[in-house]
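Contents: one structure, followed by commentary.
The values are calculated or read from the model by the stated rules, or taken from the named source; none is laboratory data. Computed from a predicted model, the values in this text were never measured in an experiment. Heads up, the Cβs are rebuilt from the backbone with ideal geometry, glycines too, and the neighbour counts pull from every protein chain shown. In case anyone asks, the SASA skips ligands and DNA or RNA and just uses the protein heavy atoms, side chains included. Shrake-Rupley method; radii C 1.70, N 1.55, O 1.52, S 1.80 Å.
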Amino acid sequence: VQLVESGGGLVQAGGSLRLSCAASGRPFSTYAVGWFRQAPGKEREFVAALRWSGTRYADFVKGRFTISRDNAKNTVYLQMNSLKPEDTAAYYCAATMGIGVPSNHETYDYWGQGTQVTVSS
């Protein structure tokens, strides 16, 4: 499966963005799909993930970010509200056929190219 992210950009603190992760190839609905981010000089960190069985969020985004999917469009979204400067990073979507809703990036088999999110103060 191939993944393409879009929707990143520059936004002021407190603003919102919606990232999209469009999949081509096999149907997306059977995969767990996660969002990760990586800021310069920092390790890649888990943001959110979903599967038909449920969702999982990192503590630092709970109540601000929402992950969802549209199976008809083979797309997963990350709605980001109340953005903070510390949310600035490259955001990546990833997919895995593995079980559960994993937060470990090493579990994921397929990755997109990333989209940059910059939040100004």
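Brief remarks on what is shown
- In order along segment 88-98, the Karplus-derived 3J(HN,Hα) couplings, from 6.51 cos²θ - 1.76 cosθ + 1.60 at θ = phi - 60°, round to 4, 4, 7, 10, 10, 9, 8, 9, 8, 8, x Hz, and Gly and Pro are given as x.
- Label zone at Ala39 (point 7 Å along Cα-to-Cβ), backbone N below 12 Å, segment 76-90: 84-90
- Rounded FRET efficiency, nearest 0.05, which uses the C-beta distance separating Asn81 from Trp52 and R0 of 35 Å: 0.90
- Taking all protein chains as they are arranged and a probe of 1.4 Å, the heavy atoms of Met97 leave approximately 90 Å² accessible to solvent.
- Listed by chain and number, the lysines whose C-alpha is less than 25 Å from the C-alpha of Lys84, apart from same-chain residues fewer than 8 away, are Lys42, Lys62.
- Of Arg56, Arg26, the residue with the largest accessible area leads and the full order is Arg26, Arg56 (1.4 Å probe).
- Counting only DSSP beta bridges whose two residues both lie in the chain, roughly 90 percent are antiparallel.
- Legend: residues Trp35, Trp111, sorted from most to least accessible area (1.4 Å probe; ligands, DNA and RNA excluded), read Trp111, Trp35.
- Element breakdown for segment 57-104 at a 1.4 angstrom probe: carbon and sulfur atoms account for 51% of the accessible area.
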